[in-house]
Amino acid sequence: MSFRDDLPPQLVEILQRAEMRGEHTVNRFRAGFYGLSALMLAANLGANTLGANIAFTLQVGAMLVYSAGVAWWFKRNTDVYAPWLKYVSITVDLAALHASAVIMAYNHAGVIEYFHGFVPIVLVLWNLFAALRYSAKAALYSGFLSLALSSLLLGVVVATEQVAVSPVSVYGSPAIHVGDEVVRLIFIALPAFFGALIARSSRGLVLRAEAESQARRELENQKDRLSKYLSRDLVDAVLANPELMRLGGARRDATVLFCDIRDFTPLAEASSPEEVVQMLNAHFTEMVEIVFRYGGTLDKFLGDGLMAVFSAPTTLPDHELRAVLVALAMVDAVEKFNATHRSSSGNLPPISVGVGIASGPIVAGNIGSPDRMEYTAIGDTVNFAARLEALTKSVGAQIVMSAATHAAVKDFVPTRALPSVAVKGKTGRPELFTVDVDALGPGLLQSIEDQLAAYTTMVANTPTKN
């Protein structure tokens, strides 16, 4: 059979496997049916003539051999799609059943036994089996072949006068009425046409199930890709609103954070490459977890540093505070990292980080081409945050924030002003601030978490101005 041209190869393969599984199932039914027939024949040897017993034995034996041959073929060709097999099997099955009329002609009652016996019921069953192959064409072929063979048999029997033909409907006598037999053979073939509808519906269900499965896999793949630079909460928000990640950028107010390891070049020169890579992996793992914990977006890694954005792609009303709290958590985590890492490897000196934070307008979105995009932020605010990170060592502070960031967090985090210095790309000497870590007192991280929760609740409960 041919498949639709618009189906992707993986769906075609799934339908082919479904057809072959159906053919395998039919073969099991065939083996079971003729195995039962062999038992019935053995139990009724005395009721039949010798010629009928011989013919029935040859028929049942041939079909058992055919079933074994098909089973052997499946065992040798587990992944092979054979579209011809279903048509061959349908032809063999229906031909064998109609051959029963010839065999019964040698029995005591003659060929009338065929019309009054169980064979027509078995034909109905075999036409229904055609639907198990997930092929509407195969089911229709079964129906038409059954109709053709039954019509041919009826015509031959009537023409050769092997049975008496009654002009009226008869029951319980050795005769047939042609009209009744025509109706019967139509109803014998009819299940095959219903089977075609079932097969078509089953194929649709298979395709729909696979399409949904592919959609789920793609969703998981998207989640996996996005989780590399977004927290899980943000991943769910982005997937719920795909417009957030469309090609192109959108202007928004946000806070940008740059974190960099100080004096990394001398550190790398004094250590083996393996030690440096191991240290960076452990350091970045913890830094990214901190960014995600506070709802930030990992924009990119920059050698021994990273860039994070807060309030993109989803809006965070407290993005300035979140960025500052991330900076504090990073500084605290590096101190703990040094104690843990140096105890396991004494070759690397302790590290320290510099963090620059700036708040203001940015353009954030997927930038690149339709084939390769990267979610990132650009603009003067991004450049300013990078410059502030570069100034941390010269101004003697691990965290340096812009005046805009300071204005938003000064009521929640103790800060102090830094000496005004020239900043590349900025006119004059912009005001710079840092966090007064000493004023935070003990329980630094718990204090940070409590302040964030309180601020978030306050923002959520603030009435929106019209």
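Tallying residues that are hydrophobic (A, V, I, L, M, F, W, C) and at pLDDT below 90 within region 351-376 yields 4. Only one entry of Arg30, Arg21 meets the criterion of being assigned to a helix (DSSP H, G or I), open to solvent by 80 Å² or more (accessible area, probe 1.4 Å) and of a type in the set (Lys, Arg), and that entry is Arg21. Can you pull out every residue in region 62-79 that is over 17 Å from Arg28 (Cβ atoms) and touching a residue at least 12 places away in the same chain (Cβ under 8 Å)? Of everything in region 62-79, just one residue is over 17 Å from Arg28 (Cβ atoms) and touching a residue at least 12 places away in the same chain (Cβ under 8 Å), namely Ala62. When Leu45 is tested against (1) over 15 Å from Val122 (Cβ atoms); (2) in contact (Cβ under 8 Å) with a residue 60 or more places away in the chain, only condition (2) is not met.
Over 15 Å from Val355 (Cα atoms) and surrounded by fewer than 17 Cβ atoms within 10 Å (Cβ to Cβ): does that describe Thr265? Criteria met by Thr265.
Taken over region 285-319, the criterion of being open to solvent by 30 Å² or more (accessible area, probe 1.4 Å), among the charged types (D, E, K, R) and touching a residue at least 60 places away in the same chain (Cβ under 8 Å) is satisfied by Arg293, Lys300.
Does region 390-441 hold any residues that are surrounded by fewer than 16 Cβ atoms within 10 Å (Cβ to Cβ), among the hydroxyl-bearing types (Ser, Thr, Tyr) and in a helix (DSSP H, G or I), and which are they? Within region 390-441, just Ser394 meets the criteria. Just checking, does region 444-461 include any residue being modelled with pLDDT under 90, over 17 Å from Arg322 (Cβ atoms) and not in a helix (DSSP H, G or I)? Among the residues of region 444-461, not one is modelled with pLDDT under 90, over 17 Å from Arg322 (Cβ atoms) and not in a helix (DSSP H, G or I), which makes the answer no. Kindly indicate the residue of region 70-88 that is part of a helix (DSSP H, G or I), open to solvent by less than 50 Å² (accessible area, probe 1.4 Å) and in contact with a Phe, Trp or Tyr (Cβ under 9 Å, 6 or more places away or on another chain) and also farthest from Val165 (Cα to Cα) among those meeting that condition. Here the answer is Leu85.
Applying the criterion of being of a type in the set (A, V, I, L, M, F, W, C), closer than 19 Å to Tyr171 by Cα and in a loop (DSSP other than H, G, I, E, B) to the residues of region 89-113, the residue that is most open to solvent (accessible area, probe 1.4 Å) is Ala109.
What about Ile186, is it open to solvent by less than 30 Å² (accessible area, probe 1.4 Å) and more than 19 Å from Gly22 (Cβ to Cβ)? Here the answer is no, as Ile186 does not meet what is asked. Set side by side, the residues Ile367, Ile362, Ile357, Ile378 differ, and just one is over 16 Å from Val326 (Cβ atoms) and open to solvent by less than 10 Å² (accessible area, probe 1.4 Å), which is Ile362. Against the condition open to solvent by 70 Å² or more (accessible area, probe 1.4 Å), in a loop (DSSP other than H, G, I, E, B) and either modelled with pLDDT of 85 or more or in contact with a Cys (Cβ under 7 Å, 6 or more places away or on another chain) (or both), how does Arg387 come out, does it pass? It is false that Arg387 is open to solvent by 70 Å² or more (accessible area, probe 1.4 Å), in a loop (DSSP other than H, G, I, E, B) and either modelled with pLDDT of 85 or more or in contact with a Cys (Cβ under 7 Å, 6 or more places away or on another chain) (or both). Here region 33-54 is the region considered, the condition is being over 57 Å from the mean Cα position of the chain (by Cα) and closer than 16 Å to Gly117 by Cβ, and the residue that is surrounded by the most Cβ atoms within 10 Å (Cβ to Cβ) is Ala52. Within region 130-167, being β-branched (Val, Ile, Thr), surrounded by fewer than 18 Cβ atoms within 10 Å (Cβ to Cβ) and assigned to a helix (DSSP H, G or I) holds for Val156, Val158.
The values are calculated or read from the model by the stated rules, or taken from the named source; none is laboratory data. This is a predicted model, so every value here is computed, not measured. Don't worry about glycine lacking a Cβ; one is built from the backbone with ideal geometry, like all the others, and counts go over all protein chains shown. These accessible areas exclude ligands, DNA and RNA; they are computed on the full protein's heavy atoms, side chains included. Shrake-Rupley method; radii C 1.70, N 1.55, O 1.52, S 1.80 Å.
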